[in-house]
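For reference, the structure discussed in these notes is given below.
Just so it is clear, none of the values below were taken in a lab; they were calculated from the coordinates. This structure is a prediction, so every number in the text was calculated from the model and none was measured. Neighbour counts are summed over all protein chains in view; Cβ atoms, including those assigned to glycine, are modelled from backbone coordinates with ideal geometry.
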Amino acid sequence: MEKNEIIQVEQAEIMQAINRAEIDQQVATAKQYPRHLPAVLNQIQTYATMDVDTASECFYVLHRNGANGSAQTIEGLSVRMAEIIAGAWGNLRVATRIIGNDGKTITAQAVCHDLETNVAISTEVKRSILTSKGYTFSQDMQVVTGNAAAAIAFRNAVLKVIPKAVTKRVIEEVKKVAMGQALDLEQQRQVLIQYFAKLNVSEQMILDLLQITKREEIDKERVFTLKGIYNAIKEGDTTVQEAFVKPVEERKLAEQAKQAAEEKKAKAAAAIKKQKEEKTKPAD
């Protein structure tokens, strides 16, 4: 009589088999019900332009100083916009997780898989969990930082899988709404100044960053920029220090260096001129 063989199946193998079956089913469903691009773009625009506030939350703006001291503005799509695009795009599988915490930084990973095209992209985002004095964040703050890193990784993965060329026209329309006049300009200025005051950003800090002298100079382009900066801080792309303090300090240092170089050049030119005058001066 043959002995019954005991077959052992590892837990990991079971989970892999279940995961493969789920993906195969999702791919089959995606092939059966493919996305209709005009309907997708219409849905993205509808969701993103429901009101000015929603449209404004779809962008972030970062200010950086270049090597020569010139200001550079980096504008991009926010986590909110990535969520809207992913939801409307359909047949998309996105997952995020924390893959590392070495006591200094937290690393989040996001994987986005387009089930129709079979394009999958993985992105990683690192965020520091140290204070300016080198102390480690509390457990709660590490959770908050990890969530922010995961959200940004999600955004980056989604926007790499979905072609920018396809959504470009819709994004331009959303931006027009974000810069719209649902509130008059003075109300928008006041609301933004109040928002930033809660982040300990004074009105003078805002004026210094924008290189203007009074709030009346904040036009609708600058309103859009400030909304983008606020979104970037809120989503964890930057900090108040990086957005408002550091660029102004770097700009001042660059201006001082430029002024010192000009003064040095002027002194050298004056010295050369004096030497020439002494050479051409008739002897007594």
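Can you list the chymotrypsin sites (Phe, Trp or Tyr not before Pro) in the stretch 94-199 that are in a DSSP coil and have 11 or fewer other beta carbons within 10 angstrom?
When the chymotrypsin sites (Phe, Trp or Tyr not before Pro) of the stretch 94-199 are filtered for loop state and at most 11 Cβ neighbours within 10 Å, Tyr135 remain.
Taking the alpha-carbon distance from Lys274 and a cut-off under 18 Å, which lysines remain once sequence neighbours fewer than 8 residues away in the same chain are dropped?
Of all the lysines, those that pass the test against Lys274 - Cα under 18 Å, at least 8 places apart if same chain - are Lys264, Lys265.
List the aspartates and glutamates whose Cα lies under 17 Å from the Cα of Lys126, skipping any in the same chain that are fewer than 8 positions away.
Asp102, Glu235, Asp237, Glu242
Going through the stretch 192-274, which trypsin sites (Lys or Arg not before Pro) have at most 10 other Cβ atoms within 10 Å and a DSSP loop state?
Those satisfying the criteria are Lys198, Lys214.
Can you list the trypsin sites (Lys or Arg not before Pro) in the stretch 70-138 that are in a DSSP coil and have 12 or fewer other beta carbons within 10 angstrom?
Filter output for the stretch 70-138: Lys104, Lys133.
Where does helix 11-32 land angle-wise versus the long Cα axis of the chain, in degrees 0 to 90, nearest 10?
In the chain, helix 11-32 runs at an angle near 80 degrees to the longest axis.
Cross-link candidates for Lys133: which lysines have Cα within less than 16 Å, leaving aside residues fewer than 8 places away along the same chain?
Straight-distance partners of Lys133: Lys104.
Across the stretch 163-254, how many lysine pairs separated by 8 or more positions, or lying on different chains, have Cα atoms within less than 12 Å? Display every interim value, and only then the final one.
Working: Lys175/Lys220; Lys175/Lys227; Lys176/Lys220; Lys198/Lys234.
Eligible lysine pairs with Cα atoms under 12 Å apart amount to 4.
Treating only the Cα positions of the stretch 139-279 as identical point scatterers, give the base-10 log of I(q)/I(0) from the Debye formula at each q in 0.10, 0.15, 0.21 Å⁻¹.
-0.56, -0.95, -1.28
What is the Cα radius of gyration of the chain over 2.2 N^0.38 Å, N being its residue count? Spell out each step's value before the answer.
Working: Rg = 27.5 Å, N = 284, 2.2 N^0.38 = 18.8 Å.
Compared with the compact-globule rule of thumb, the chain sits at 1.46.
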